[in-house]
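The values are calculated or read from the model by the stated rules, or taken from the named source; none is laboratory data. None of the values given here were measured: they were computed from a predicted structure. Heads up, the Cβs are rebuilt from the backbone with ideal geometry, glycines too, and the neighbour counts pull from every protein chain shown. Keep in mind that these areas ignore ligands, DNA and RNA; they rest on the heavy atoms of the full protein, side chains included. Shrake-Rupley method; radii C 1.70, N 1.55, O 1.52, S 1.80 Å.
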Amino acid sequence: MSLLLVLLVVLLVTFLFQHLWMKRDLYKLSWHLSGPFVIPILGNLHFLLSLSNEDLFNSMRTFFRNYKTPARFWIGSSLFVCVTKPEDVQVILNSMECIDRYSSDHLSKNVPARGLLTLRGHQWKVHRKLLNPTFNLKTLQSYMPIFNNQINVLVSRLSGVNSAISTDIHDYTSPLALDSICQTAMGSELNIQRHQNVEYFDALNNIISIQVQKVSNPILHIHWLFKMTSIYENEMKSNRIFSNFIKNILKEKKANFKHHPTPYDDVIPFSKPKPVIDHLMNLFMVENKFTAQDVFAESRTIVHTGFETTALVSSYCVLAMAMFPENQQRIYEEIKSIIPNKDGDIQYEDLKKFEFLERFIKECLRLFPPIPLLGRVVRDTIKLGDYTIPKETNLILPIWIMHRDKEAWGPTAEEFDPNRFLPENYKHIHPYAYIPFTAGPRNCIGYKYAQIFLTVLLIKLVNNFKFRTDLKMEDLRFRMDISLKLQNKHMVYIEKRDV
């Protein structure tokens with residue numbers, strides 16, 4: 001027995017030294033960075049256990065108050081380096097050595113196919129280049145009738161809301177966002193706002209909810225344990241429903257496909273909306289640059305990511321208008337000076353005239369970025385100031401923290417002020433201190449889509465309603481999800497405007 005014990009100890013020590021040798025560059029860097037006390041094997045995992053998602057968010061805020069950037073955090077044997085300095089963020093987001101997003105296998109293991117969000121290296125670069133034309137300006141302009149029509153449905157729905165009762169506006173912007181992204185991306189009208197096809201809406205929301213559970217529960221990171229839970233069965237069921245929706249559309253599109261030689265020409269205006277799926281099918285069936293699996297993966301990715309972020313940002317914008325009525329009134333006055341006709345459709349040519357509304361949206365995105373944390377993986381050694389960051393390091397860019405950093409934004413960084421985006425004020429801000437849609441070559445491909453949609457949405461909403469809320473900035477309780485969520489929800493009172 002003693003010999004067996006000695007052998008076990010020798011094997012354990014050998015394994016430990018081999019691990020330390022293979023990770024020596026990571027440990028060497030870690031010694032030079034600030035961060036909390038580390039427990040062998042566990043790292044700092046003990047800080048995350050038994051915390052609610054709201055507690056996790058508050059712990060993140062405390063972490064960045066206590067430790068100077070770049071700071072380190074260990075989860076098991078994985079090193080995470082947290083960076084908030086805009087100059088360092090600029091290096092990271094423009095380095096091809098950091099082009100890959102951090103994406104835990106426990107989050108994406110059951111996803112049927114990988115698209116632009118999770119693809120790595122060369123594959124991502126090829127897909128991004130092929131997908132760029134789907135979000136050019138002429139294509140986005142062609143979506144204006146869809147935006148107008150879908151938002152008109154929302155206006156009709158909100159007209160029936162009891163003005164004396166506080167309402168979670170996200171319950172309304174969420175169906176709107178999915179209806180809009182499915183029609184613009186897939187060329188399919190789901191009419192979820194009219195209570196049709198709600199099973200797809202429920203399935204997608206369920207997938208997002210399960211991803212959040214995976215993030216916050218370390219036990220679910222172990223795939224074989226996760227497969228033994230009812231959550232796994234729920235995820236697989238929701239994935240089947242959502243995937244079948246995408247596959248049915250693709251099957252119909254393939255049967256009715258007609259080749260258009262220049263489907264995304266920037267010069268020729270479109271006489272009708274040009275859904276993303278048209279371009280994807282052309283890449284697959286004519287140019288042979290995409291496989292059927294690629295078309296499925298990118299379709300699923302665009303619908304999934306576009307839906308959630310658009311719904312969230314819309315909700316925060318409405319809540320901000322309710323919290324700051326003086327801004328809401330100024331937006332209304334700007335609308336009346338540019339578009340006197342309350343009931344007409346919004347034209348693309350008018351959007352660039354809304355200077356204050358543009359600043360208002362930017363300030364909403366600063367204080368409420370849809371994705372609070374951005375992760376990247378170092379594939380080869382890079383330099384960040386005085387530090388050498390070795391490969392296999394995980395980099396965390398806390399966008400929510402960066403957007404409220406007083407060193408970058410001044411003593412009023414926590415306050416809501418659209419005028420900080422006036423040219424004379426914003427020129428003093430480092431361009432990488434503000435990255436609501438990330439930045440660099442791997443920025444969000446749909447950021448122009450979101451900007452146009454938000455502008456049309458807020459014009460129509462403010463034209464028809466007044467919003468107020470009992471919530472104040474100091475009341476907002478955020479929680480650590482994949483996207484920025486409110487624990488106390490986007491609660492507003494909705495009152496019809498007098499004609």
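Remark: spin-label model distance L422-N288 equals 6.0 nm, labels positioned 7 Å along the Cα→Cβ axis.
Potential lengthening of the chain between R240 and W224 amounts to 3.8 nm, from the contour at 0.36 nm per residue minus the alpha-carbon distance.
Taken per residue, the accessible surface of the stretch 267-384 reaches 39 Å², heavy atoms only and a 1.4 Å probe.
What percentage of the solvent-accessible surface of the stretch 404-499, computed with a 1.4 Å probe over protein heavy atoms, is contributed by carbon and sulfur atoms?
Details: 2170 of 4460 Å².
About 49 percent, which is the carbon plus sulfur part of the accessible surface.
Solvent-accessible area per residue in the stretch 417-495 equals 41 Å², computed with a 1.4 angstrom probe and all protein chains kept.
Report in % the part of the accessible area of the stretch 123-223 that belongs to carbon and sulfur, leaving out ligands and nucleic acids; probe 1.4 Å.
Details: 1900 of 3870 Å².
Summing carbon and sulfur atoms, their accessible area is 49 percent of the total for the stretch 123-223.
When ligands, DNA and RNA are left out and all protein chains stay put, how many square angstrom of accessible area per residue does the stretch 111-229 have with a 1.4 Å probe?
On the way: 5020 Å² over 119 residues.
Roughly 42 Å² per residue, with all protein chains present.
Which percent, to the nearest 5, of DSSP beta bridges fully inside the chain are antiparallel?
Values: 25 of 30 bridges.
Beta bridges within the chain, antiparallel portion: roughly 85 percent.
Distance between the 7 Å Cα→Cβ label points at K68 and S209: 4.5 nm. Extension gain for S59 to K28 (0.36 nm times residue separation, less C-alpha to C-alpha distance): 8.6 nm.
If packing is taken as the average count of other Cβ atoms within 10 Å, what order do 275-282, 61-68, 432-439 fall into, highest mean first?
Going by the mean number of other Cβ atoms within 10 Å, highest first, we get 275-282, 432-439, 61-68.
Applying 1/(1 + (r/R0)^6) with r as the Cβ-Cβ distance of E474 and D168 and R0 = 25 angstrom yields a FRET efficiency of 0.80.
The slack in the chain from I231 to E392, taken as 0.36 nm per residue of separation less the alpha-carbon distance, amounts to 54.9 nm. When each of the peptides 180-190, 157-167, 411-421, 200-210 is scored by how many other beta carbons lie within 10 Å of its residues on average, the order from highest to lowest is 180-190, 200-210, 411-421, 157-167. Residue ranges 452-459, 394-401, 242-249 sort as 452-459, 394-401, 242-249 when ordered by packing (mean number of other C-beta atoms within 10 Å per residue, highest first). The helix-only estimate of mean residue ellipticity at 222 nm for the chain, built from DSSP H runs of length n ≥ 4 each weighted as -39500 (n - 2.57), is -16000 deg cm²/dmol after division by the residue total. Label positions at K383 and R194, each projected 7 Å from the Cα along the C-beta direction, are separated by 6.2 nm.
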